[in-house]
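Heads up: the structure comes next, in structure tokens.
The values are calculated or read from the model by the stated rules, or taken from the named source; none is laboratory data. Because the structure is a prediction, the values reported are computed rather than measured. Every residue, glycine as well, gets a Cβ built from its backbone with ideal geometry; the counts of neighbours run over all protein chains shown. SASA here: full protein model, heavy atoms, side chains in, ligands and nucleic acids out. Shrake-Rupley method; radii C 1.70, N 1.55, O 1.52, S 1.80 Å.
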Amino acid sequence: MGQTDLIDPEAGDPAEIARPLTGEDTAGILDAVTDYLTGQGWTVERESIAGGAQGYTDPETRRVVLDSDLSPAQAAKTALHEAAHVLLHAEEDHAEYVEHRGIKETEAESVAYVVAGILGLDTSGYSVGYVAGWSKCDAETIKATAANVRRAAHTLADALTEQPEAAAVAA
């Protein structure tokens, strides 16, 4: 059995219910995430990514890359997902990420789902299937990630919804 073979072919592939988002980023999420990450010392770029990945985070170069072919809504969601990786996983040893990739991906997509919802973008058409796939539909995995997801979602949502006037007063 290969890594990409279904464990239970009768159950279907949960990733197949992760439907790419279509439409616009009317809330300006991508720009807000880009501004936030840039302020944290990261660069955000759009380029063609081979192999089906929609984005990736490179902690060594402090670079986030989003696939250039994504719809505006999918790019916004993916930016949130990669920002979650920056908050939760960028300081970890890469071997830790590889060893626990299912947990890391479940955390990042859960943060993207929560924060996108706060900002008015419904990502459930993609996020539910993505989380189901990476968590292997295991409730214990999802429970184990809850505290990290809550903390990162609050941090990211607060940063993206901070009013410019409040930031100026605080400075």
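All C-alpha pair distances within the range 96-144, sorted into 5 Å bins from zero, spread as 5, 23, 30, 23, 13, 5, 1 percent across the bins.
Which FRET efficiency value, to the nearest 0.05, is calculated for residue 93 and residue 24 with the Förster distance at 45 angstrom and r the Cβ-Cβ distance?
Computed FRET efficiency for residue 93 and residue 24 comes out at 0.75.
Calculated FRET efficiency, residue 38 to residue 69, Cβ-Cβ distance, R0 = 22 Å: about 0.45 to the nearest 0.05.
Taking only DSSP H segments of four or more residues, each worth -39500 (n - 2.57), what value at 222 nm results for the chain once the sum is divided by all its residues, to the nearest 500 deg cm²/dmol?
On the way: 7 runs with 94 residues, N = 171.
Rounded to the nearest 500, it is -17500 deg cm²/dmol.
Annotation: the antiparallel percentage among DSSP beta bridges lying fully within the chain is about 45. Start at zero, step by 5 Å, and the Cα-Cα distances of the range 42-105 spread as 4, 18, 29, 25, 18, 6, 1 percent across the bins.
Placing a pseudo-label 7 Å from each Cα along the Cα-to-Cβ vector at residue 128 and residue 143 gives an inter-label distance of 2.2 nm.
Computed over the range 19-64, the P(r) curve from all C-alpha pair distances, binned at 5 Å from the origin, holds 5, 17, 23, 26, 19, 9, 1 percent per bin. With the whole protein complex present, residue 130 retains an accessible surface near 40 Å², based on a 1.4 Å probe. Ordered from highest to lowest accessible area with the whole protein assembly present and a 1.4 Å probe, 26, 141 read as 26, 141.
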